[in-house]
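Worksheet: one structure, shown below.
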Amino acid sequence: MEQADGILEKIRYYNSESCYLVGILRCRAGGQITFVGNFPQLTEGESLSITGQWQLHPRFGQQLVVENWERLIPATVDGLTRYLSSGLIKGVGPVMAKRIVRHLGLSTLEILEKEPHRLQEVEGIGSKKSKQIINSFRNYKQLQNVMVFLQSYGIGVGNSMRLYRQFGAQTIDRVKENPYRLADEVFGIGFKTADQIACRMGLPEDSPERVKAAIVFALNQASNQGHVFLPREQLFEKVQELLGLSPAQSHLCQLDLQLQALEHEKRIYLDQCPAGVVVYYAPFYYAELGVARRLKQMVSASQQWTEREAKEALDRAAGRSATRLVAEQIQVLEQSLTAGVLVITGGPGTGKTTTIKALLSLFHSLKQKVLLAAPTGRAAKRVTEATGEEAFTIHRLLEYSFTESEGFKFQRHEDNPVEARVIIIDEASMVDLLLMFNLVKAIPEGCRLIIVGDVDQLPAVGAGNVLKDLINSGTVPFVRLLHIFRQARESMIIVNAHRINQGEMPLLNKKDKDFFFIAEEEPERVAALVVELCLERIPGYGPYDPLRDIQVITPMRRTEAGVERLNVLLQKAINPKGRHKPEINVKGTVFRLGDKVMQVRNNYQKEVYNGDIGMVAELDLEAGELVVTFRESSTDRLVQYDFSELDELVLSYAVSVHKSQGSEYPVVIMPVITQHYLLLQRNLLYTGITRARKMAVLVGTKKALAIAVHNNKAENRFSYLDGRLQDVCFAGS
C-alpha cells in the first residue's frame, strides 16, 4: 500500500453519478502523482491524504488506485480559502472565505472548532450568519467522521450520504448495532449494501439476522412492485438469490426456521389462500384484513331519510345539474342514499365529474357534511377546479403530521375520526392498500364512503389493487358509467381511449381533431421529433407553453426515447445553459434555474409528494440551497431543498406513465416504439392518452401501437382483498 499527502492540483475527470474521480496530487514530499477512486465532490486546492495501490494504465501510465482517503487541514492561506469556499460549508462563498482567513489566519479551523464566537469579529458576519456557518462546519466535521468510518466498510459516497441524512450523529452507532436494519429503514439502501457492511464487520453468512433481513427485504421489494404478499416458494427463490445460495444449499440457512421466527415476532404472517401458502409483511396483512372488516361494517348502513325526503333531494340534484343526468347517474344518486359504501367507475367522457357534482348537490340538500379528497395534490386540485368545492389530499384529510413522541403519523383514526357524514374519494385507482386502510379507520360510524375512479387505468404505484379488488369481490355496491356524452364524443382523445380499452386500434389524424399520430421508426429520430414538437410545432399550433402546457409521457426510463434521455434533450432545448442561470450537477443530473422538476418520494415534512411537479425558482450555490415553486390551486408554494436532498427531485420535462397518474395536461406527447416492447400494454397506453385534455400526439410506429392495443395482459399483482371481502361478508363475521 502506498500513502501520499498533498494538494489536489487538478481534477482531470469527475463523474458525479458514479463519484469516480481522476486527479493530480501535488505531493508534500515533492513531485506529482495521478490518482483515481470514488470521492464526493472535491475542489482543486484541497489538502488530501490518500492510500492505495499502484496500477499501470495502458494509456495514462502509473496511477494510484485509492482505497482510503481523508481531507487534511489546509496548510496555506490559499488552500484554507479554497477549502472554506468549496461549497462544503453553507453560507461561505469565495468572498466571505477570503475575509475569514484574512482575519483569523491559518488558525481559522481551530478557532471555528474551539472559539466559534470569534467568527463574529469578521466583517459582515453577525450572530445569525455566524450560527449558520458554525452549524454547517460542525455538521461537515461530523459527516467527515461518518464517511471515514463507512469507507472502512466499503460503503460508497452516495450511500454514506443517505445514511447520514437518516441518522445524523447516530449513524455510526446504528450501523454497528445491526447493519441489516439499514435495508429496511433507509430509502435507497438495499440488502446487498447492508450485507456488505455486515460481512466486513464479521457477521457469519448463516447468521439468523442475515436470513431474516433477506426475507423482509424480499417482501419489501415485492411491495414496491405492487404485491401485497408472495407465495412461499417465490419468496424462497428470491431469498436464495439475495443470499447467493443454490437451491441445494438453501437448507444451510434454515429458511423455514427463520420464517417461523419472524412470524413469532409478528413481523410477517403466513396464510393460506388460492395461491397456496403465502407470506405477508405484517403491515400489509393487517391492512388487507382491516380494510375488509371495516368495509363489511360500513357497507350495510341503513337509509336515514323518508321516501319523500329522498325523492325531493334526488329531484333537486337532477334539476341543478348543468347536464341532463342519464340513467346510470340517477342510479348512482339512488344507491348513494342507501349504501354505506359505493364504488363508481367509468372511462373518460362518461360523466364522473358531473356525477360527483350531483352527489354534492344531493347531500348538501339533505344538510350532510361532505368532504372531497383524492390521493395526490394534483388530483385534488383537479377536483377542486371541476366542482368549485375544496378537495383535500387523503393525507391532509387524515391530518398526517409530525409529533415529538411518535414522529409522522395520521392524527385521524378510529379514536379520532374525520368529522363528516359523506366522504367522496376521486381518482381511486391510485389508492394503495395501506392508504385505504388508514382512510377507512378514520371514517366515523354512519358516514358514507363513495369511491370514484377508472378501474381500467394503471393500478396504484404502492402495493395492492384496491379499486379492482372492491369491484371483483362482488360485496360492494358499484355502478359502471358507460354512456359517453355527446360533447365527449367530439374528442378523438376520448373516442380513441374507449377504442383502445376495447382492444380496437385508435382512429388516427382525423381532420380538425385533437388526436395525432406521427410515424417514425428510428428511436433517435423519435426523440428528436418529440423535442421539435415541444419547442416549435405545438407552440406554433396554439398558445401552448412548453413548460406549463406540454407534458411528454413515455413508457420506459432507459432508452433513446425514454424518460432519462428525453429529459436531457428537452432541458437543453427548452432551458439551455445560460450565463445568469446557476446550476448544480447531482449524480449526473444537472439542475438549472428555471428547470421543470418532479418530487419522487413523499416528504411529509415539506408537504410535497411523489409525483408533484414544480419549477426551480431559486438556486443559491453559496448557501447550498434550491427552491422549487409548486402550483397549488390558484397559488404558488415555495419549497426549499438543501443540496444534499436533491435525490428527491428529478427533471420532469418527460415523465413515466406511472408518474403521470392523477394528472391532466393540456397537451400530451407520447413515444410508442417497439424498443419499449416490455411495457407496451393496453392499460399503460390508455392511461397515457387519457392524461391529455386538449391534444394527444403519439410518435412512433403502428406496429408498436398495435402491440400495446392487443396486449391486455396487465401485470398480475399478488393481492387477496377481494377474497377477504368475500370471506368476511359471507361468513357474517
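Some values worked out for this structure:
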| quantity | calculated |
| --- | --- |
| Selection within the stretch 44-63 - touching a Ser or Thr at 6+ places or on another chain (Cβ under 7 Å) and either without any contact (Cβ under 8 Å) to a residue 24 or more places away in the chain or surrounded by 14 or more Cβ atoms within 10 Å (Cβ to Cβ) (or both) | Glu46, Gln63 |
| Evaluation of Val531 against (1) at pLDDT below 95; (2) assigned to a helix (DSSP H, G or I) (one fails), failing number | (1) |
| Residue under evaluation Pro283, criteria (1) part of a helix (DSSP H, G or I); (2) over 30 Å from Asp184 (Cβ atoms); (3) under 36 Å from the mean Cα position of the chain (by Cα), criterion not met | (2) |
| Leu219 being out of contact with any strand residue (DSSP E or B) (no Cβ under 6 Å at 6 or more places or on another chain) and outside any loop (DSSP other than H, G, I, E, B) | no |
| Tabulated pairs, the stretch 697-710, first on the phi > 0 side of the Ramachandran plot, second open to solvent by 10 Å² or more (accessible area, probe 1.4 Å) and at pLDDT below 95, C-beta under 7 angstrom, 6+ apart or interchain | Gly700/Glu520 |
| Residue check for Met598: in contact (Cβ under 8 Å) with a residue 60 or more places away in the chain and open to solvent by less than 20 Å² (accessible area, probe 1.4 Å) | yes |
| Close pairs from the stretch 649-660: first within 10 Å of Thr554 (Cβ to Cβ), partner open to solvent by less than 10 Å² (accessible area, probe 1.4 Å) and among the aromatic types (Phe, Trp, Tyr), Cβ under 9 Å, at least 6 apart | none |
| Only listed residue being open to solvent by less than 20 Å² (accessible area, probe 1.4 Å) and not β-branched (Val, Ile, Thr), chosen from Pro506, Pro546 | Pro506 |
| Those residues of the stretch 697-714 which are farther than 22 Å from Ser429 by Cα and either surrounded by 23 or more Cβ atoms within 10 Å (Cβ to Cβ) or among the hydrophobic types (A, V, I, L, M, F, W, C) (or both), in sequence order | Val697, Leu698, Val699, Gly700, Ala704, Leu705, Ala706, Ile707 |
| Residue match in the stretch 461-484 (condition: modelled with pLDDT under 90 and more than 23 Å from the chain's Cα centre (by Cα)) | yes |
| Filtered residues of the stretch 190-204 (kept if open to solvent by 30 Å² or more (accessible area, probe 1.4 Å), in contact (Cβ under 8 Å) with a residue 12 or more places away in the chain and over 12 Å from Asn178 (Cα atoms)) | Lys192, Gln196, Arg200 |
| Count of the stretch 649-666 residues which are modelled with pLDDT of 95 or more and within 17 Å of Pro506 (Cβ to Cβ) | 0 |
| Filter result (open to solvent by less than 40 Å² (accessible area, probe 1.4 Å) and assigned to a loop (DSSP other than H, G, I, E, B)) within the stretch 557-581 | Thr559, Ala561, Gly562, Asn575, Gly578 |
| Checklist (1) modelled with pLDDT of 80 or more; (2) in a helix (DSSP H, G or I) applied to Ser160, failing item | (1) |
| Checking Gln41 against (1) modelled with pLDDT under 85; (2) closer than 30 Å to Gly105 by Cα; (3) open to solvent by less than 70 Å² (accessible area, probe 1.4 Å), the condition it does not meet | (3) |
| Number of positions in the stretch 415-455 that are crowded, with 22+ Cβ neighbours inside 10 Å, of a type in the set (D, E, K, R) and under 27 Å from the mean Cα position of the chain (by Cα) | 3 |
| Count of the stretch 126-173 residues which are touching a strand residue (DSSP E or B) at 6+ places or on another chain (Cβ under 7 Å) and of a type in the set (S, T, N, Q) | 2 |
| Residue under evaluation Asp469, criteria (1) outside any helix (DSSP H, G or I); (2) touching a residue at least 60 places away in the same chain (Cβ under 8 Å), criterion not met | (1) |
| Qualifying residue in the stretch 67-90 (condition: closer than 26 Å to Glu625 by Cα, in contact with a Leu (Cβ under 8 Å, 6 or more places away or on another chain) and open to solvent by 70 Å² or more (accessible area, probe 1.4 Å)) | yes |
| Among the residues listed as Ile125, Ile133, Ile172, Ile155, the single one being farther than 26 Å from Gly588 by Cβ, β-branched (Val, Ile, Thr) and in contact (Cβ under 8 Å) with a residue 40 or more places away in the chain | Ile133 |
| Check on Glu241, charged (D, E, K, R), at negative phi, open to solvent by 40 Å² or more (accessible area, probe 1.4 Å) and modelled with pLDDT of 90 or more | no |
| Single residue of Leu626, Leu679 found to be aliphatic (A, V, I, L, M), open to solvent by 50 Å² or more (accessible area, probe 1.4 Å) and under 24 Å from the mean Cα position of the chain (by Cα) | Leu679 |
| Tally, over the stretch 470-503, of residues that are of a type outside the set (D, E, K, R) and either within 30 Å of Val291 (Cα to Cα) or open to solvent by 60 Å² or more (accessible area, probe 1.4 Å) (or both) | 16 |
| Test for Leu21: is it surrounded by 13 or more Cβ atoms within 10 Å (Cβ to Cβ), within 34 Å of the chain's Cα centre (by Cα) and free of Cβ contacts under 8 Å to residues at least 24 places away in the same chain | yes |
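The values are calculated or read from the model by the stated rules, or taken from the named source; none is laboratory data. Values in this document were obtained by computation on a predicted structure and should not be read as measured data. Positions of Cβ are backbone-derived with ideal geometry, glycine not excepted, and every protein chain shown enters the neighbour counts. Just so you know, the surface numbers come from the protein's heavy atoms only, side chains and all, with ligands and any DNA or RNA stripped out. Shrake-Rupley method; radii C 1.70, N 1.55, O 1.52, S 1.80 Å.
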